[in-house]
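Student: Got a structure here, written out as structure tokens. Questions coming.
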Amino acid sequence: MRIAPLILAAASAAAAPVFEQTDIFRAGEGGYAHYRVPAIVVSPKGTVIALTEARKSERGDWGPQDILTRRSRDGGRTWDAPRPIARVKGPVAPNPVALAQNLDRPGDTTYNNIVPIVDRRRGVLRFLFCVEYARCFAMESKDDAGTFSEPAEITPVFEQFRKDYAWKVIATGPGHGIQLRNGRLLVPVWLSDGTGGHAHRPSMVSVIYSDDGVTWKRGGIVTRDPEFRNPSETVAVELADGRVMLNIRSEADEHRRLVSYSRDGVSGWTKPAFDPALIEPICMGSIVRAGKAIVFVNPNSTEPRDPRRPLHNFKRQNVSVRVSRDEGRTWSAPRTIEPGVSGYSDLAVGPDGTIYCVYERGGVSGIDTYVSRLTVARFNLEWAEGR
């Protein structure tokens, strides 16, 4: 009889809402102008691993940039020093479509779109990244991102798309990839012929996958412009029934996220449909499974950047989290993580159920795509659902 109150007290404490934040990268530090396009995973041992593009210039997605990582072994409260982790041997040619639009210069190498994946079947962490939006490489780590294998080029998997799409630009993710319950590794990708704005448009969405952790294959095309305007950055989650749900960015006037489903995560994708609950300001979002719940985060913003163009991009602000208890059919009310300028984000869940969100925070000189810092928020479902 004396144990019951203690059990109730422990349960009550465990259910208390928790929310904490820690800045991990700041613009101007470490020799970089700013840091963007973050990703995050938690290893089975509980090590939190954050990654980012470290940009030496203010020229946007192109130009000289590296990929850096930081690790936390105490649940995201303290972090080790930043380290560059992606380098390829030999000369790197600039992407011709970026040169044609004066987005890149010879000698300035763009390392971009790092995608971490926890491979629980084989006890390793895997990392995919791109160079000049033209080549793709894979690395692995057996010690929680302490050391890495030499990058192995996997660009040939993208060559498999050429019969269907004459791409000039390729990109993995961004954000984390997933491992399905059957062991398959899955990474959403987007491709462009590079003729449009910023050499990233028009675009199409697909996936690449690996069943052995080494050999990568292409999946079916999910959607492409003009079916939906410039579909691109996409995130994936496995549903309880084994299907894979993709959550897709596009530039459609509806300003809602697109959703598509596949039974195997590779082929037979349903025609994407707008999720009326999920605002699309035209920005990256992230999605992750947290036990029986699915968590989604992105800027929950409907304020136009330019009032003269109300259907164009909305301001990147008010990064917020929503929770679904019915496999993505409906969503809770948004819970704000950052009410001010905030943009790209990624989610991970620790072994104890803690949810981690790394996100861009604060614009410099009023520009919401020139980020002042990257922040990691730690919270639980009780906080996310407002309980």
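The values are calculated or read from the model by the stated rules, or taken from the named source; none is laboratory data. This one's a predicted model, so the numbers in the text were calculated from it and none came from an experiment. Here Cβ is always computed from backbone atoms with ideal geometry, including for glycine, and neighbour counts include all displayed protein chains.
Student: Given the structure, is SER260 under 18 Å from VAL115 (Cβ atoms), among the small types (Gly, Ala, Ser) and without any contact (Cβ under 8 Å) to a residue 40 or more places away in the chain?
Tutor: Numbers: under 18 Å from VAL115 (Cβ atoms): no; among the small types (Gly, Ala, Ser): yes; without any contact (Cβ under 8 Å) to a residue 40 or more places away in the chain: yes.
No: the conditions fail for SER260.
Student: Also, I was wondering about something else. Going by the conditions given, is THR195 in contact (Cβ under 8 Å) with a residue 24 or more places away in the chain and surrounded by fewer than 19 Cβ atoms within 10 Å (Cβ to Cβ)?
Tutor: On the way: in contact (Cβ under 8 Å) with a residue 24 or more places away in the chain: yes; surrounded by fewer than 19 Cβ atoms within 10 Å (Cβ to Cβ): yes.
Against the criterion (in contact (Cβ under 8 Å) with a residue 24 or more places away in the chain and surrounded by fewer than 19 Cβ atoms within 10 Å (Cβ to Cβ)), THR195 qualifies.
Student: Restrict the check to the stretch 158-173 and report whether at least one residue is buried (at least 20 other Cβ atoms within 10 Å of the Cβ), over 18 Å from GLY60 (Cα atoms) and touching a residue at least 60 places away in the same chain (Cβ under 8 Å).
Tutor: yes
Student: Consider only pairs whose beta carbons are under 9 Å apart and that are at least six residues apart or on different chains; among these, list those whose first residue lies in the stretch 332-356 and is without any contact (Cβ under 8 Å) to a residue 40 or more places away in the chain and whose second residue is surrounded by fewer than 20 Cβ atoms within 10 Å (Cβ to Cβ) and basic (Lys, Arg).
Tutor: VAL341/LYS315
Student: Of all residues in the stretch 137-157, count the ones that are surrounded by 13 or more Cβ atoms within 10 Å (Cβ to Cβ), without any contact (Cβ under 8 Å) to a residue 60 or more places away in the chain and β-branched (Val, Ile, Thr).
Tutor: Total satisfying the criteria: 1.
Student: Residue pairs, Cβ under 7 Å, 6 or more apart or interchain, first in the stretch 28-55 and over 22 Å from THR78 (Cβ atoms) and among the acidic types (Asp, Glu), second at pLDDT below 95 and not in a strand (DSSP E or B). List them.
Tutor: Close Cβ pairs satisfying both conditions: none exist.
Student: I would also like to ask the following. Just the residues that are surrounded by fewer than 23 Cβ atoms within 10 Å (Cβ to Cβ) and of a type outside the set (A, V, I, L, M), please, taken from the stretch 174-192.
Tutor: Correct list: GLN179, ARG181, ASN182, GLY183, ARG184.
Student: Which members of the stretch 53-87 meet the condition of being hydrophobic (A, V, I, L, M, F, W, C), in contact with an Asp or Glu (Cβ under 9 Å, 6 or more places away or on another chain) and farther than 15 Å from PHE148 by Cβ? Full working, then the answer.
Tutor: Looking only at the stretch 53-87, we keep the residues that are hydrophobic (A, V, I, L, M, F, W, C), and these are 54, 62, 67-68, 79, 81, 85-86.
Now drop any that are not in contact with an Asp or Glu (Cβ under 9 Å, 6 or more places away or on another chain), which leaves 54, 62, 67-68, 85-86.
Result: ALA54, TRP62.
Student: Among the numbered conditions (1) assigned to a loop (DSSP other than H, G, I, E, B); (2) in contact (Cβ under 8 Å) with a residue 40 or more places away in the chain; (3) of a type in the set (Ser, Thr, Tyr), tell me where SER301 comes up short.
Tutor: If we test SER301 against (1) assigned to a loop (DSSP other than H, G, I, E, B); (2) in contact (Cβ under 8 Å) with a residue 40 or more places away in the chain; (3) of a type in the set (Ser, Thr, Tyr), just (2) comes out false.
Student: Let me ask something additional. For the stretch 107-122, give me each residue that is assigned to a loop (DSSP other than H, G, I, E, B) and closer than 16 Å to ASP61 by Cα.
Tutor: GLY107, ASP108, THR109
Student: For the stretch 12-99, which strands (runs of 3 or more DSSP E) that fit wholly inside it have 2 or more residues that are closer than 25 Å to GLY197 by Cβ and in contact with a strand residue (DSSP E or B) (Cβ under 7 Å, 6 or more places away or on another chain)?
Tutor: So the answer is 34-42, 48-55, 65-72.
Student: If I filter the stretch 365-385 down to residues being modelled with pLDDT under 95 and farther than 18 Å from THR69 by Cα, which single residue comes out as surrounded by the most Cβ atoms within 10 Å (Cβ to Cβ)?
Tutor: So the residue we want is ASP368.
Student: Out of the residues in the stretch 287-318 that are farther than 17 Å from TYR359 by Cβ and within 16 Å of the chain's Cα centre (by Cα), which is surrounded by the fewest Cβ atoms within 10 Å (Cβ to Cβ)?
Tutor: Top of the filtered list is ARG289.
Student: If we keep just the residues of the stretch 276-286 that are in contact with a Gly (Cβ under 8 Å, 6 or more places away or on another chain) and assigned to a strand (DSSP E or B), which is surrounded by the most Cβ atoms within 10 Å (Cβ to Cβ)?
Tutor: SER286
Student: Please determine, by comparing only the residues of the stretch 91-132 that are surrounded by fewer than 19 Cβ atoms within 10 Å (Cβ to Cβ) and of a type in the set (Asp, Glu), which one is nearest to GLN65 (Cα to Cα).
Tutor: ASP108
For every residue, the table says whether it meets (1) more than 17 Å from the chain's Cα centre (by Cα); (2) on the phi > 0 side of the Ramachandran plot.
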position	(1), (2)
PRO116	no, no
LEU125	no, no
ASP144	yes, yes
THR155	yes, no
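Student: While we're here: Looking only at strands (runs of 3 or more DSSP E) that fall completely inside the stretch 218-269, which ones have 2 or more residues that are surrounded by fewer than 20 Cβ atoms within 10 Å (Cβ to Cβ)?
Tutor: Working: elements: 234-238, 244-248, 256-262.
Ranges flagged: 256-262.
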